[in-house]
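This report concerns only the one structure given below.
The values are calculated or read from the model by the stated rules, or taken from the named source; none is laboratory data. Here the structure is a predicted model, which means the values were calculated and not measured. For neighbour counting, all protein chains shown are included, and Cβ atoms are generated from backbone atoms with ideal geometry for every residue, glycine included.
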Amino acid sequence: MPEIPVMERYRKQLDQLVTGERIRSLHVQRESWLNTDLHSLTNGLVGRQILFIERKGTDLIWHLDDGRRLVLQIGAGSRLEIVSTLQAVAHGVVGHSSAEADQVHDVSHSQFAVITDHAAMAIFGARNCHIMWLTAKQVEDMQLELGPDPLSRHLTPERFSQRFAKRRTTLKSALTNPNIIAGIGNHLADDIVFAAGILPTVRTEKLKEEHWNRVFFAMLDVLHHAIEHENDMDLQISSKLHEKSYAGEAMDISIHGKTGEPCPKCGTPIEVTLIQRRPSNFCPKCQIDPTADGHENE
Ligand SMILES: [Zn+2]
């Protein structure tokens with residue numbers, strides 16, 4: 001699954017390129033990914049104006065001018081290409097009649113594409129996707145069980161720690177539970193608990209307010225860093241116009257998937273353990289159990 005930083009970058013790109021545009025056509029390769037039939041989807045979407053694009057967890061929610069929503073849940077391996085013909089011309093990258101400008105609208109090899117007045121968004125490489133055309137109420141109902149987005153302005157350290165109250169599990173499992181908090185996957189969770197200096201195996205019921213504060217601010221740091229540095233987490237963003245800017249800087253605060261490599265903070269080899277059958281990386285020196293004897297006052 002692509003994680004929040006990748007989806008947030010897609011959201012920003014979409015927001016820049018398709019907000020205010022009208023949907024002109026669709027390309028659908030697999031009807032089984034839709035929550036409706038192709039005919040209804042096309043009738044419902046073509047001609048609609050896109051008001052804005054919201055991200056909740058890893059869902060992208062397109063708000064349309066008739067009050068309905070187009071919700072994209074993109075699966076593992078997915079790559080979104082978001083291109084603008086206008087921008088290409090404005091930057092002198094391509095001319096009106098160049099091959100590249102034509103390519104912008106050539107989405108016939110994509111799995112799903114939305115073409116607007118001056119832009120196109122296409123999905124490639126996905127093993128699975130959910131493409132849902134819904135009413136506002138249906139989206140609301142769908143999200144009833146979902147926890148808040150970690151970057152939500154309404155999420156305070158107090159509300160964050162309240163989400164974990166009465167849970168009896170490991171810190172890592174709790175962070176990756178979308179009912180508690182939306183959109184944090186295996187990769188982000190490892191990096192968040194590393195940044196917080198707490199072991200992923202620590203029991204949530206033992207953690208105190210001060211520990212939750214550490215986890216909360218570590219979560220914000222890790223997310224903002226990942227979004228800012230535009231490194232590839234699960235996939236590379238691929239916009240024909242922005243290829244160079246996404247070449248990516250190494251994420252110096254990440255330990256996920258780096259078993260045996262030196263910890264970026266202290267140099268100790270990074271270890272791995274299984275939590276809910278998923279590999280979890282940690283530094284045995286930088287990360288502690290703050291609830292264990294001797295650490296009570298940390
Ligand atoms: Zn370390």
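Within segment 282-293, residues that are within 7 Å of the ligand (Cβ to nearest atom) reach partners that are among the aromatic types (Phe, Trp, Tyr) and not in a loop (DSSP other than H, G, I, E, B) with beta carbons closer than 9 Å, at six or more positions or on different chains, in the pairs CYS283/PHE194; CYS286/PHE194. Taken residue by residue, segment 216-226 has no member that is outside any loop (DSSP other than H, G, I, E, B), aromatic (Phe, Trp, Tyr) and modelled with pLDDT under 95.
Does THR273 satisfy being at pLDDT 95 or above, within 19 Å of ALA196 (Cα to Cα) and more than 11 Å from the ligand (Cβ to nearest atom)? For THR273, the condition - at pLDDT 95 or above, within 19 Å of ALA196 (Cα to Cα) and more than 11 Å from the ligand (Cβ to nearest atom) - is met. Tallying residues that are on the phi > 0 side of the Ramachandran plot and modelled with pLDDT of 95 or more within segment 181-200 yields 1. For segment 17-55: of the residues being polar (S, T, N, Q), free of Cβ contacts under 8 Å to residues at least 40 places away in the same chain and outside any loop (DSSP other than H, G, I, E, B), which is surrounded by the fewest Cβ atoms within 10 Å (Cβ to Cβ)? It comes out as SER32.
Scanning segment 256-269 for residues that are more than 8 Å from the ligand (Cβ to nearest atom) and in contact (Cβ under 8 Å) with a residue 12 or more places away in the chain gives HIS256, GLY257, LYS258, THR259. Quick one: in segment 58-91, which of the residues that are surrounded by fewer than 22 Cβ atoms within 10 Å (Cβ to Cβ), more than 18 Å from THR19 (Cα to Cα) and not hydrophobic (A, V, I, L, M, F, W, C) is modelled with the highest pLDDT? Per the stated criteria, the residue is GLN73.
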